[in-house]
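Enquirer: So that we are looking at the same thing, I have put the structure below in structure tokens.
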Amino acid sequence: MFKNYLTTTLRKLSRNKAYTAINVFGLALGITCSLMLFLLIKYELSFDNFHATADRICRVNTIYVRADGELHDTGVPFPFGPALRKDFPELEKVSMVDYEFDGLITIVGGDKTPVRYHEKEGVVFIEPDFFDMFDFSWIAGNPKTLAEPNNVALTEELAQKFFPNENPIGKRIRLDNKLDLIVSGVLKNFPTNTDFPFKLLVSFITVKDLGRDLDSWQNTMSNLQTYVLLPENLSFKNFESRLPAFLEKYWTDKDGVNKRVHTVQPLPEIHFDTRYGVFSGNVTSKARILAFALIGFFLIVTACINFVNLATAQAIDRSKEVGVRKVLGANRMQLIRHFMGETFAITVLAVFVAVALNELLFQRFAEIMKLKMTFDLFGDAAVIGFLLIITVVVSLLSGFYPALVLSGFQPALALKSKSTTKQGGGLSLRRGLVIVQFAISQALIIGTLIIAAQMDYFRNKDLGFNKDAIVTVALPNRDQLKLESLRTQLLQNAGVKNLSLAYASASSGNSWSTNYQHKSGDQIQRHVANVRFADASYFETYGLQLLAGRAYTEGDTIKEFVVNEALVRQLGLSSPEEAIGEYLTFWDAPAKPIVGVVKNFHMVSLHDEINPCIMATNQRVYLQASVKINLQSAQAALQHIEKVWSAIFPENVFEYKFLDDTIAEFYEGEEKMSQLLKIFAGIAILIGCLGLFGLVSFMAAQRTKEIGVRKVLGASAGDILALFSKEFAGLILVAFLLAAPIAYLAMNDWLENFVYRINVGLGVFLSTIVVTFVVAGATVGYRAMRSALTNPAEALRYE
Amino acid sequence: MIRLKNIFKYYSNKFLKTYVLQDIDLDVQQGEFLTIMGPSGSGKSTLLHIIGMLDEPNDGEYHFLDQPVHKLTEKQRSELHKNYIGFVFQSYHLIDELTVYENLETPLLYQKVKAAERKSMIADILDRFQIVAKKDLFPNQLSGGQQQLVGIARAVIVNPKLILADEPTGNLNSAQGEEIMTLFKKLNAEGATIIQVTHSEKNASYGNRIIHLMDGRIAREEGGK
């Protein structure tokens, strides 16, 4: 029996090659996308779930409570960890982690010339306890060595890079030209699905040599974090409830402005909480994961709808077979099984094609998503499971209805080929399905267009400064002579238009906020503001616009202030002019006057508001040089910068970055989403069009006679075309009315993520409907044209 | 064998009922070769389909081998039908995707005949109809007469007590038609009850009883007991 079904099925498929191809390809596309999204979701959900005690590990966070809202920080003060150990002896493990991101590594080996590497990620100061909580395995040495100062452990990758084919243990490296370290251990490379992407792990105690303020409870830095392994009988909530008293006990140097509380965040939540950050920089909200899942689901649904549409459309062709089989004694169940089997065969075929497509395209997809994911079909039980479930669900979803319709044919009618559209499952149902398909496609298009518009807004919004042709290079040290010589030498080249040394470029992920005091009358007001230390040429280099007063004069220390409009407002003043001459003070330094007010500029990404900002000179914190170059001679200018820089800082590795690129990186997450949506919207449309094509073909076949008669009566090809177009134009419009409000609401929700955002205009919706009409029109038109041009005599002969 | 009593069949179109069969009473004995004749639209095929359980009357009683068909469930009817009735059509209705061999096998599969037995039954029928050489061909590689031969072979392979033929020679030339009718005659002689629908007096002459339908009623009867 089965063999008989299989033969009919296979022969049927190979006979109707176009039908099979449309079906298999459409399904395969849908399955490919959902498989990709499944792997993506699985990857995101797998972050740090492989540690044996993951459900008992937590991070202690800080929330600053301010008048204008809460500020979430992942950091704690330096003495936090040791104090925890002392006051909570029941905690199983406590480890402080100070992540430095990058570092300059110098390999000093005997009399060889030193080799330098700039490691852009993975440099961390860490305590041995960390390895009792997290399952990262050691190949040589052991975590205990990290209890000693100046010890460092390397991952295999770095060990191999620094000391190719040598035993790294006992070798010496220098970090940032400051710390001499001895390699005491080698770790297995950390997996890609961890938010702790460490490569070079220095014993935490070594931090002392960096001159950090190890005793103050006043400041937190987001990269200095504490991880705790709770005993089994202590809940996160319970632990958290005891932290206020703990903080009260130790935080004695309070200044009264900052109120803060410490919260406990379980490890499994860290990867998904966008309020906080992770070392890997890859926080993915649950909402985004849900969006991925929905897109995957919708793509599968469109693909299934295609299938149902094509299969029921084909029903007429198959009515004879159904009739014959019934006459020969088949009962309905047997026929349902038969047709379901056929769907199953097509689905299996599609799954194979999808797996092949994934093999081809998955790496590309991972690159677009900037994730280190891999596709391993047989090494991963979950993938096999997913494919099996997809096969079954898709077979049922898309096979059941057609099977029900086909098997329900009255044999007597079926044999006379009198099974009409009505029996073929109702044109209205198929119309409904096409509407759903187009609604999905259009919703995705609207989403894509809105994200693209927002991205465009990011790129083109006036940031309040001129970001063009600015190259940033790091300043490895703040030696006054060196900085002066850098400035003079760089400006000697005609390609360099201007130059500013500062704490950070005008727009940067690196912000520094502090408390300051403002004396108005007898009262002393306390506020929090960003500080941006920069030399006097900052204003000219970035083209900042002064609204009142003047730019401050050059100096090595804090002499005068320039503030932004937001700070004027914070002070409660009504115009920039009023701010001139006001005195501000912070860090217990003598008060200095405000000499100028600058127009608000975006110091951070457009996700966030422009905060009050104080600008001043302060040479000892300059970390970056911003060089405005002449783009006509960019190459020469860059070479000049490299030559000068390398001569002044011979112990460092030269690297430069265009400010444009830095700013573009702020929106990497959105860029990824945008790319993803573009691809999937495209595929949804493609699948929809495949189905539409099938449906029109079917309608054309159904109406061959009608078209013949109409042509005999004098209808032109255009009239026939209109006949088809009218039908589908209606469907698309209905789909649009469904998709537009849903997509609008969803995207508005997304736009809420940004303080600075576009207004969704009519244009997006108009473009969507135009795009759908053009694409669907081309699909329908092509097929309809063919039947419109058929010789009517031929069309009528069939009856 | 077959007893039809007050059979009505109509199609409703809003408030208008179009009668296809009206008040048909008919008895058919085992071993008869009955011909149903009548002009187009007189209800011949519908009657045949009702007898073959492919269609249901709107009213009336139908007893087949003493079982009240009108009271049976679809499943029971399907059992009766597949065990006792073979169908032959004007346009053969072979399954295009299957070879001659596989077409012959299909009814056996639905009757859950074992593989070995199937093989011998098919070999037997191929031999009897002298179409062994054609067994691996597809329907569209055969002439009309040959296709109808396969169609009949497929109908009789399960040894049905009743063979229903709907204008079996309608698409054939006269030589092929004669061959097919001779075959029916032979099957009847071997014990099968046959009911055929035809326009042709000549074909009718192969049978032993004729009923004439007119506007859904039995107008007259010839032959028989």
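Every number here is computed from the coordinates shown, using simple stated rules; none is lab data. The structure displayed is predicted, hence computed values, not measured ones. Cβ atoms come from the backbone with ideal geometry, glycine included; neighbour counts cover every protein chain shown.
Enquirer: Could you work out the mean count of beta carbons from other protein chains within 10 Å of each residue's beta carbon in A:5-16?
Expert: Average per residue, whole number: 2.
Enquirer: Check A:Tyr276: other-chain or 5+ apart residues with amide H under 5 Å from its amide H, H built from backbone geometry?
Expert: Amide H to amide H, under 5 Å and 5 or more residues apart or across chains, A:Tyr276 pairs with nothing.
Enquirer: In whole Å, what are the Cα extents of segment A:58-145 along the three principal axes, biggest one first?
Expert: Projected onto the principal axes, the Cα atoms of segment A:58-145 cover 57, 36, 21 Å.
Enquirer: Run down the lysines and flag those whose C-alpha is under 16 Å from the C-alpha of A:Lys93, throwing out any fewer than 8 positions away in its chain.
Expert: List returned: A:Lys144.
Enquirer: Additional query: Taking the inverse of the average 1/r across all pairs of different Cα atoms in chain B, what Kirkwood radius in Å do you get?
Expert: Kirkwood radius, chain B: 18.2 Å.
Enquirer: Span-like helices, chain A: DSSP H, alpha-carbon axial extent 20 Å or more, mean Kyte-Doolittle 1.6 or greater, which ones?
Expert: Numbers: long enough: A:17-45 (40 Å, 1.36); A:286-327 (56 Å, 0.94); A:332-368 (50 Å, 0.99); A:381-407 (36 Å, 2.28); A:427-460 (48 Å, 0.99); A:634-648 (21 Å, 0.33); A:668-702 (50 Å, 1.09); A:717-751 (47 Å, 1.41); A:762-788 (37 Å, 1.36).
Span-like helices, by this rule, are A:381-407.
Enquirer: Could you give me the ³J(HN,Hα) list for segment B:163-173, computed from phi with Karplus coefficients 6.51, -1.76, 1.60 and θ = phi - 60°, whole Hz, x at Gly and Pro?
Expert: Coupling constants for segment B:163-173: 10, 10, 10, 9, 6, x, 10, x, 9, 10, 6 Hz.
Enquirer: How big is segment A:199-308 by Rg and Dmax over its Cα atoms, in Å?
Expert: Reported Rg and Dmax, both Å: 21.4, 71.
Enquirer: Moving on. Of the beta bridges DSSP finds with both residues in the protein assembly as shown, what % are antiparallel, to the nearest 5?
Expert: Numbers: 98 of 132 bridges.
Counting DSSP beta bridges with both partners in the protein assembly as shown, the antiparallel share is about 75 percent.
Enquirer: Where does helix B:144-156 land angle-wise versus the long Cα axis of chain B, in degrees 0 to 90, nearest 10?
Expert: Compared with the principal axis, the helix lies near 80 degrees.
Enquirer: For segment A:1-121, what ratio Rg/Rh do Cα atoms give with a Kirkwood hydrodynamic radius?
Expert: That ratio is 1.31, to two decimals.
Enquirer: Less than 21 Å apart at the alpha-carbon level, and either on another chain or at least 8 residues along: which lysines does that give for A:Lys254?
Expert: A:Lys519
Enquirer: Which number comes out as Rg/Rh for segment A:54-270 once both Rg and the Kirkwood Rh are worked out on C-alpha atoms?
Expert: For segment A:54-270, the value is 1.00.
Enquirer: Working from the pairwise distances between different alpha carbons, so that the mean of 1/r is found and then inverted, what is segment A:423-481's Kirkwood radius in Å?
Expert: The answer is 17.0 Å.
Enquirer: Using only C-alpha positions, report the orientation-averaged shadow area of the convex hull of segment A:477-651, nm², one decimal.
Expert: The orientation-averaged projected area of the Cα hull of segment A:477-651 comes to 10.9 nm².
Enquirer: I would also like to ask the following. Considering every residue in B:90-101, what mean count of other chain Cβ atoms within 10 Å of its Cβ is obtained?
Expert: Counting Cβ atoms of other protein chains within 10 Å of each residue's Cβ and averaging gives 4.
Enquirer: Please work out the Cα center distance from segment A:178-216 to segment A:553-576, rounded to the nearest Å.
Expert: Each part reduced to its Cα centre gives a spacing of 39 Å.
Enquirer: Here's something else I'd like to know. Can you list, largest first and rounded to whole Å, the semi-axes you get for segment A:265-321 by taking the square root of 5 times each eigenvalue of its Cα gyration tensor? Numbers along the way, then the final one.
Expert: Details: eigenvalues 435, 13, 9 Å².
Ellipsoid half-lengths, sorted descending, are 47, 8, 7 Å.
Enquirer: A further question follows. For peptide B:50-61, how many partner chain Cβ atoms fall within 10 Å of a residue's Cβ, on average?
Expert: Per-residue shielding by partner chains comes out at 2.
Enquirer: Right, next: Under the definition of Cα pairs under 8 Å and six or more residues apart, what whole-number percent is the relative contact order of segment A:477-651?
Expert: 34 percent
Enquirer: Sticking with this one: If you take the alpha carbon radius of gyration of the protein assembly as shown and divide it by 2.2 N^0.38 Å, what ratio comes out, to two decimals?
Expert: With N residues counted in the protein assembly as shown, Rg over 2.2 N^0.38 Å equals 1.37.
Enquirer: Here is a further query. Divide, for segment A:556-603, the radius of gyration over alpha carbons by 2.2 N^0.38 Å, where N is the residue count.
Expert: Dividing the Cα Rg of segment A:556-603 by 2.2 N^0.38 Å gives 1.13.
Enquirer: Pairs of Cα atoms under 8 Å, at least six residues apart: use those to get the relative contact order of chain A, whole percent.
Expert: About 14 percent, as a whole number.
Enquirer: Cβ neighbours within 10 Å, averaged per peptide: list A:218-225, A:708-715, B:31-38 in order, most packed at the top. Walk me through the intermediate numbers first.
Expert: Working: A:218-225: 18.1, A:708-715: 14.8, B:31-38: 22.0.
Packing proxy ranking, top to bottom: B:31-38, A:218-225, A:708-715.
Enquirer: Which FRET efficiency value, to the nearest 0.05, is calculated for A:Asp195 and A:Val734 with the Förster distance at 45 angstrom and r the Cβ-Cβ distance?
Expert: The calculated FRET efficiency here is 0.50.
Enquirer: Same structure, new question: Can you give the extra length, in nm with one decimal, that the chain gains between A:Arg242 and A:Lys726 once fully stretched, where that is 0.36 nm per residue apart less the Cα-Cα distance?
Expert: Separation in residues times 0.36 nm, less the Cα-Cα distance, equals 167.2 nm.
Enquirer: Based on Cα positions only, what radius of gyration and what Dmax would you give for segment A:315-457, in angstroms?
Expert: 21.0, 68
Enquirer: Based on alpha-carbon centroids, what's the gap between segment A:604-666 and segment A:222-298 in Å, whole number please?
Expert: 33 Å
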